[in-house]
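Enquirer: For reference, the structure I am asking about is given below.
The values are calculated or read from the model by the stated rules, or taken from the named source; none is laboratory data. Source: prediction; values computed, not measured. In this analysis, Cβ positions are derived from the backbone assuming ideal geometry, glycine residues included, and neighbour counts consider all displayed protein chains. Ligands, DNA and RNA are stripped out before the accessible areas are found, and what is left, the full protein with its side chains, is counted by its heavy atoms. Shrake-Rupley method; radii C 1.70, N 1.55, O 1.52, S 1.80 Å.
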Amino acid sequence: TESWLYGGAIDQKFTESFYGGVEYTYSDLDVPFNQTIGGITSLEEADWDEQLFRAYLFWTPHNWFSLTAEYLYEDLDRDENINFGAKEVETHYFPLGINFFHPSGIGASLKGTYVDQDGSFTRQTAAPGTFENGDDNFWLVDAAINYRLPKRYGFLTVGASNLFDEEFEYFDSDLNNPRIQPDRNIFARITLAFP
């Protein structure tokens, strides 16, 4: 695939405890694929356009707490000849979070994300070039508890993504790096930082 990526971002510190920013990226991709017509196969290129906009606000009203609010907008426009499941998709994400940090090293985080998606999709069992309009909106909740190791050598974390095992219909633009979990995912993680 040949691609051009354009982007820009602004981050701003408004006060000692209040931060914000915006960013925008636009990708223009030429995706190669083989097309067979009348027994003759030729190499063709599909035109894809992808846009991503993000705005965020972070506030730390106390040394032990932080609040986060974000808005993400993703717009996909893919050639109907080669689209990997979706021709046009618009997705809005609204993550809201609260984080707790205690001087003892104990911490916790809770994040709720509202997702609203609609687009034109193709099912794996459908005939080529057959698209269905679809949409869904839902809330996801992620939670975690962590402990900061002495001398800041790392963290121990236990948490859950999609805590309430919400069911939804959703198209992820990057299957190798999914943005959200389709099922409840309970995890434990050790993060080490050596001096």
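Enquirer: Would you confirm, using the coordinates I've provided, whether G107 is under 24 Å from G159 (Cβ atoms), out of contact with any helix residue (DSSP H, G or I) (no Cβ under 9 Å at 6 or more places or on another chain) and surrounded by 15 or more Cβ atoms within 10 Å (Cβ to Cβ)? Before you say what the answer is, go through the steps one by one.
Expert: Values: under 24 Å from G159 (Cβ atoms): yes; out of contact with any helix residue (DSSP H, G or I) (no Cβ under 9 Å at 6 or more places or on another chain): yes; surrounded by 15 or more Cβ atoms within 10 Å (Cβ to Cβ): yes.
Yes, satisfied.
Matching residues to (1) among the basic types (K, R); (2) buried (at least 17 other Cβ atoms within 10 Å of the Cβ); (3) under 30 Å from Y6 (Cα atoms); (4) in contact with a Phe, Trp or Tyr (Cβ under 8 Å, 6 or more places away or on another chain):
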{"position": "L29", "(1), (2), (3), (4)": "no, yes, yes, yes"}
{"position": "G38", "(1), (2), (3), (4)": "no, no, no, no"}
{"position": "D47", "(1), (2), (3), (4)": "no, no, yes, no"}
{"position": "L52", "(1), (2), (3), (4)": "no, yes, yes, yes"}
{"position": "L57", "(1), (2), (3), (4)": "no, no, yes, yes"}
{"position": "N81", "(1), (2), (3), (4)": "no, no, yes, yes"}
{"position": "T113", "(1), (2), (3), (4)": "no, yes, yes, yes"}
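Enquirer: Could we say that N185 is among the polar types (S, T, N, Q) and without any contact (Cβ under 8 Å) to a residue 24 or more places away in the chain here?
Expert: Here the answer is no, as N185 does not meet what is asked.
Enquirer: Still on this model: Considering only region 133-162, state which residues are of a type in the set (D, E, K, R) and open to solvent by 80 Å² or more (accessible area, probe 1.4 Å). Write out each step before concluding.
Expert: Filtering region 133-162 down to residues of a type in the set (D, E, K, R) leaves 135-136, 142, 148, 151-152.
Once the filter is applied, which keeps residues that are of a type in the set (D, E, K, R) and open to solvent by 80 Å² or more (accessible area, probe 1.4 Å), region 133-162 yields D135, K151, R152.
Enquirer: Still on this structure, please answer the following. Return yes or no: is D172 in a loop (DSSP other than H, G, I, E, B), at pLDDT below 95 and over 14 Å from the mean Cα position of the chain (by Cα)? Give the steps one after another, and end with the answer.
Expert: Details: in a loop (DSSP other than H, G, I, E, B): yes; at pLDDT below 95: yes; over 14 Å from the mean Cα position of the chain (by Cα): no.
Answer is no for this residue.
Enquirer: Taking region 91-104, which residues are in a strand (DSSP E or B) and open to solvent by less than 70 Å² (accessible area, probe 1.4 Å)? Don't jump to the end; show me each part of the working.
Expert: Step one: list which residues in region 91-104 are in a strand (DSSP E or B), which gives 91-101.
Within region 91-104, T91, H92, Y93, P95, G97, N99, F100 qualify.
Enquirer: A further question on this structure: Does region 108-154 hold any residues that are modelled with pLDDT of 90 or more, of a type in the set (G, A, S), in contact with a Ser or Thr (Cβ under 9 Å, 6 or more places away or on another chain) and farther than 30 Å from A193 by Cβ, and which are they?
Expert: G119, G134
Enquirer: Moving on. Find the residue count for region 62-72, including only residues that are in a strand (DSSP E or B) and open to solvent by 70 Å² or more (accessible area, probe 1.4 Å). It would help to see each step written out before you state the result.
Expert: Step one: list which residues in region 62-72 are in a strand (DSSP E or B), which gives 62, 65-72.
If we keep only those that are open to solvent by 70 Å² or more (accessible area, probe 1.4 Å) too, we end up with 62, 65.
The qualifying residues number 2.
Enquirer: Out of K111, K13, which single residue is of a type in the set (D, E, K, R), assigned to a strand (DSSP E or B) and without any contact (Cβ under 8 Å) to a residue 12 or more places away in the chain?
Expert: K13
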